[in-house]
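Visitor: My questions all concern the structure below.
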Amino acid sequence: CGKSEFVDFYTSVLNKLYGLKTLFFSPENQPCELHISKLVAKYTNKPLAELTQAEIDVAIDYICKNFYFCNYDKVKSFNDIENVVETTISTLPFDILVIDSFNKVEYDKPAHITDTDFIGKILNKLCEMAIKYNIMVILVAHPRKMEWRNGEKVAQCPTAYDINGSANFYNKSDFVLAVHRGRDYYNEIVTIRVDKFKFN
């Protein structure tokens, strides 16, 4: 719960602290105006209702200069995303690519390849892209359905091996973070747990 919200928050913090710019492939945050409004709230640390129109205008201008968005009518597949990265980074340099989420990207898996091998190939491609263009790639992926513990309304926190589809999400990642509601699914406590880190 809250993976997209956390990624928006994280990228806005990286922008504030280090000036890092982000390219979003985030079909879950359509329309784009909605996504921009969410980023404005995170950037200003205020709900939109508490901002003046002048503050909103300044924030939107800043967001549009530091956060870019794929055209979701045209960009559908991993190949499309790679083409956008290749053509955009020279004219609108960015530091972070967000793919939110993995299950929103279209792909044709050959029948003779297992899900694990196919996902491994996609993750290899993303790793190569990150190195080639010197960017951070943030990939949002959903866990398998987690069981409630002890008959209570307490969902188990997913581990890196609980990411839906393949253990390669863990094996091939440099970092894995889990975003999890705390003890009670309905409370406001969210835990960000680091399950894997490859580099300090």
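Bear in mind these aren't lab numbers, they're just calculated from the coordinates by the rules spelled out. For clarity, every value in this text was computed on a predicted model and none was experimentally measured. Note: ideal-geometry Cβ built from the backbone for every residue, glycine included; neighbour counts use all protein chains shown.
Visitor: Scanning the chain for helices, which whole DSSP H stretches are 30 Å or more long along the axis (Cα) and average 1.6 or more by Kyte-Doolittle?
Guide: none
Visitor: How are the Cα pair distances of the chain distributed, in percent, across 5 Å bins from 0?
Guide: Pair shares across the bins are 1, 7, 14, 17, 19, 17, 13, 7, 4, 1, 0, 0.
Visitor: At 222 nm, what value in deg cm²/dmol follows for the chain if DSSP H runs of at least 4 each add -39500 (n - 2.57) and the sum is divided by all its residues, to the nearest 500?
Guide: After summing the helix terms and dividing by residue count, I get -12000 deg cm²/dmol.
Visitor: Once label points are set 7 Å from the Cα along Cα→Cβ at both residue 13 and residue 200, what is their separation, rounded to one decimal in nm?
Guide: Result for the modelled spin labels: 2.1 nm.
Visitor: Do any trypsin sites (Lys or Arg not before Pro) in region 1-74 lie in a DSSP loop with no more than 12 other beta carbon atoms within 10 Å, and if so, which?
Guide: 74
Visitor: So between residue 192 and residue 103, what do we pick up on full extension, going 0.36 nm a residue minus the alpha carbon distance?
Guide: Taking residue 192 through residue 103 to full extension adds about 29.9 nm, to one decimal.
Visitor: Kindly state, to the nearest 0.05, the FRET efficiency for residue 170 paired with residue 45, given R0 = 30 Å and r defined as their beta-carbon distance.
Guide: 0.35
Visitor: Charges only on Cβ, +1 for Lys and Arg, -1 for Asp and Glu: so what's the dipole of region 56-134 about the Cα centre, in debye to the nearest 20?
Guide: Taking the Cα centre of region 56-134 as origin, the dipole is about 120 debye.
Visitor: On a full-extension model of 0.36 nm per residue, what is the gain between residue 156 and residue 56, subtracting their alpha-carbon distance, rounded to one decimal in nm?
Guide: 32.1 nm
Visitor: Put a dot 7 Å past each Cα toward the Cβ at residue 76 and residue 113; how far apart are the dots in nm?
Guide: My value for the distance between the label points is 1.8 nm.
Visitor: Would you mind telling me which residue in 13, 58, 105 has the biggest mean-square fluctuation in a Gaussian network model of the chain, where springs connect alpha carbons within a distance under 10 angstrom?
Guide: In the Gaussian network model the winner is 58.
Visitor: Now for a separate question. Aspartates and glutamates within cross-link reach of residue 132: Cα-Cα under 20 Å, excluding same-chain residues under 8 positions apart?
Guide: Here the aspartates and glutamates satisfying the reach criterion relative to residue 132 are 80, 82, 86, 95, 174.
Visitor: Straight-line reach from residue 42: which lysines have Cα under 21 Å away, leaving out those fewer than 8 places along the same chain?
Guide: 3, 16, 21, 65
Visitor: Running a GNM on the chain with Cα contacts under 10 Å, which residue among 162, 108, 100 ends up with the highest mean-square fluctuation?
Guide: 108
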